[in-house]
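Inspection log for the structure reproduced underneath, given as structure tokens.
The values are calculated or read from the model by the stated rules, or taken from the named source; none is laboratory data. These numbers come from a predicted model, not from an experiment. Cβ: placed from backbone, ideal geometry, glycine included. Neighbour counts: every protein chain shown. Quick note on the areas: whole protein, heavy atoms, side chains included, nothing else; ligands and nucleic acids left out. Shrake-Rupley method; radii C 1.70, N 1.55, O 1.52, S 1.80 Å.
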Amino acid sequence: MWARVGLMGSVALGSMFWSQKNKTETSPYELKLIQVLFRHGARTPLKSIPDVLEAQWVPELLEAPAHTEIDYMVTDLQGGPRPPAPVEDSYRSKILTGGTYPGQLTTFGMQQLYDLGVRLRKKYIQEEPFLTPSFNPKEVYIRSTNIVRTIESAKCLVAGLFQQEQAGVVSILTDKAEKEILYPNYHGCKLLKRLIGHRWAESSIVPDIAADLQSIQRALGVDPHQHLDFILIRDDMVAREAHGLPLPTALENWRSIVEQRAVDMVCHIYEPSKRQNLQMCVGPLFHILLTNIEDRIQGTTSKPDRKLFLYSVHDTTLMPCLMALGVFDMKWPPYAADITLELYQHRQTNQHYVKVSYIGQDQKIPGCSDVYCPLQEFKEALGVYALPDERYYALCDSVDDHPKL
């Protein structure tokens, strides 16, 4: 029986590899550029749910596996010293039960990003030899938010993608907090704060959400005066589950409602039906993605060998991006989730196409006639939200003028 299964398995595997090889050889589309936005891996929670069974977040949960180590440095966008990191400093002003800081990448989270790197290696080095098998700084650009968990996530992904082989130091670029555009920046953009800032607190008093929140606080035995919301509850719940730490029994029964209500809150906060809201969340990032594509096609880049752009970001980056792309599935992006944009050129017509995938699944973008989206259609879909930096910063500062976009 085992021999038969083994034989069938190897035959199936052989035919799968043959079909992939055959598909690559006969594909009319030639890969030209890859851009990946990915969420960091599993981490310690940002806050613990107050007054409930406490999890022990001990330092042993944060040890870096040897296979994730690489030679890297963190700089500003120009290659100078790493900017100050006020967001990280705010995490490190608190300590969780067990002795670690909130928001820190764990060993499990490091492995998740390493595994994502291995998945990208399989696709872009082994199945389709597009990237050089060892890290080459001419080919790969890496940018991260200036927060330790995203920086470490980028490092682990690169370790998996290139199996710790590198021709030069890996540079991870970051920007200063007030200029950060890799997440919706309420602190750096006054207009965004005016549009969305108040909706965070407001989302917990939306009638259906508020009723469920009261019920869950009662079930957990949390003092009704404690500040609690579904995003915070979900954050602690998912962090515990990922690391096999105990959950309060009451939370077990509420798991699906917590997931649903956390997403309901996010939809209330971003209010994706209002274009301006999403534009101020993802505009500069979409502009960068489109510029990278245009530079590659026109040959206007100073780095003609560049093939891969990596952006190490957050769930709060991916959700508005998915909303703006029209493919948000109303589920919170898991740790290490990725949105990947591939630029192709048709071998016969020389026309360019963009293919978007989310966690390995191809997505058909509304406004695109196919999964392989003709470039002009893709530019029009993203162009609704894309904002050049100067325009974005001007809008951010023009709160009093109530600008029209």
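Could you tell me which label, among (i) 1.08; (ii) 1.03; (iii) 1.44, carries the value of Cα Rg over 2.2 N^0.38 Å calculated for this structure?
Of the labelled values, this structure produces (ii).
Give the Cα extents of the stretch 149-225 along the principal axes, in whole Å, largest first.
On the principal axes, the stretch 149-225 reaches 57, 34, 19 Å in Cα extent.
For the stretch 195-270, give the percent of accessible area contributed by carbon and sulfur heavy atoms, probe 1.4 Å, rounded to a whole number.
Values: 1830 of 3390 Å².
Using a 1.4 Å probe with all protein chains present, the stretch 195-270 comes out at 54 percent carbon and sulfur.
If ligands, DNA and RNA are left out, what is the accessible area of residue 193 with a 1.4 Å probe, given in Å² to the nearest 10?
Solvent-accessible area, nearest 10 Å²: 120 Å².
I need the shape label for the stretch 41-119. Rule: rounded when a/c is under 1.5, else prolate if a/b > b/c, else oblate, with a, b, c from the alpha carbon gyration tensor. It would help to have the intermediate numbers written out before the result.
Numbers: a/c = 2.51, a/b = 1.33, b/c = 1.89.
Cα axes put the stretch 41-119 in the oblate bin.
How many percent of DSSP beta bridges within the chain run antiparallel, rounded to 5?
55 percent
With unit charges on the beta carbon (Lys/Arg positive, Asp/Glu negative), name the residue among 336, 311, 374 whose Cα is farthest towards the positive pole of the charge dipole of the chain.
374
Given Cα pairs under 8 Å that are at least 6 residues apart, what percent is the relative contact order of the chain? Before the final figure, lay out the partial values.
Numbers: 699 pairs, mean separation 99.0, N = 405.
Averaging sequence separation for qualifying contacts and normalising by length gives 24 percent for the chain.
Would you kindly state how much longer the chain becomes between residue 256 and residue 369 on full extension, computed as 0.36 nm times their sequence separation minus their alpha carbon distance, in nm to one decimal?
Values: separation 113, 0.36 × 113 = 40.68 nm, distance 3.48 nm.
Taking 0.36 nm per residue and subtracting the Cα distance, the gain is 37.2 nm.
For the full complex of protein chains and a 1.4 angstrom probe, list 74, 140 by accessible area with the highest value first. Can you show the working numbers first?
Working: 74 35, 140 10 Å².
Order by accessible area, largest first: 74, 140.
Note down the accessible area of residue 332, probe 1.4 Å, to the nearest 10 Å².
30 Å²
Give, rounded to the nearest 20 debye, the magnitude of the charge dipole that the stretch 195-270 has about its Cα centre when Lys and Arg contribute +1 at Cβ and Asp and Glu contribute -1 at Cβ.
Numbers: 6 positive and 11 negative charges, 5 e Å.
Dipole magnitude for the stretch 195-270 comes out near 20 debye.
Mean residue ellipticity at 222 nm from the helices of the chain, using -39,500 (n - 2.57) per DSSP H segment of n ≥ 4 over the full residue count, to the nearest 500 deg cm²/dmol? It would help to have the intermediate numbers written out before the result.
Working: 12 runs with 168 residues, N = 405.
Estimated from H runs of four or more residues: -13500 deg cm²/dmol.
Taking the convex hull of the alpha carbon atoms in the stretch 195-270, what volume per residue do you get, in Å³?
Working: hull volume 6.9 nm³, N = 76.
Measuring per residue, one finds 91 Å³ for the Cα hull of the stretch 195-270.
Determine the alpha carbon to alpha carbon distance for each of 190/274; 47/274; 32/123 and list only those over 19 Å.
47/274
Relative contact order of the stretch 307-354, please, whole-number percent, based on alpha carbon pairs below 8 angstrom and at least 6 residues apart.
Numbers: 23 pairs, mean separation 11.7, N = 48.
So the answer I get is 24 percent.
Calculate, for the chain, the solvent-accessible area per residue in square angstrom, rolling a 1.4 angstrom probe over the heavy atoms of the protein chains.
Values: 18490 Å² over 405 residues.
Ligands and nucleic acids excluded, the result is 46 Å² per residue.
Using each residue's phi in the stretch 169-185, evaluate 6.51 cos²θ - 1.76 cosθ + 1.60 at θ = phi - 60° and report the 3J(HN,Hα) Karplus result to the nearest Hz, with x for Gly and Pro.
5, 7, 9, 10, 8, 9, 10, 6, 4, 6, 9, 4, 10, 8, 8, x, 9
Starting from the stretch 331-405, pick out the trypsin sites (Lys or Arg not before Pro) whose DSSP state is loop and whose Cβ has at most 15 other Cβ atoms within 10 Å.
Numbers: sites: 331, 347, 355, 364, 379, 391, 404; in loops: 331, 347, 364, 404.
Those that pass, being in a loop and sparsely packed, are 331, 347, 364, 404.
Of 179/331; 303/364; 94/179; 307/355, which pairs sit farther than 20 Å apart, going by alpha carbon to alpha carbon? Numbers along the way, then the final one.
Values: 179/331 29 Å; 303/364 30 Å; 94/179 25 Å; 307/355 15 Å.
Among 179/331; 303/364; 94/179; 307/355, the Cα-Cα distance tops 20 Å for 179/331; 303/364; 94/179.
Using alpha-carbon pairs under 8 Å, 6+ residues apart, how would you state the relative contact order of the stretch 195-270 in percent? Numbers along the way, then the final one.
On the way: 50 pairs, mean separation 34.6, N = 76.
It rounds to 46 percent for the stretch 195-270.
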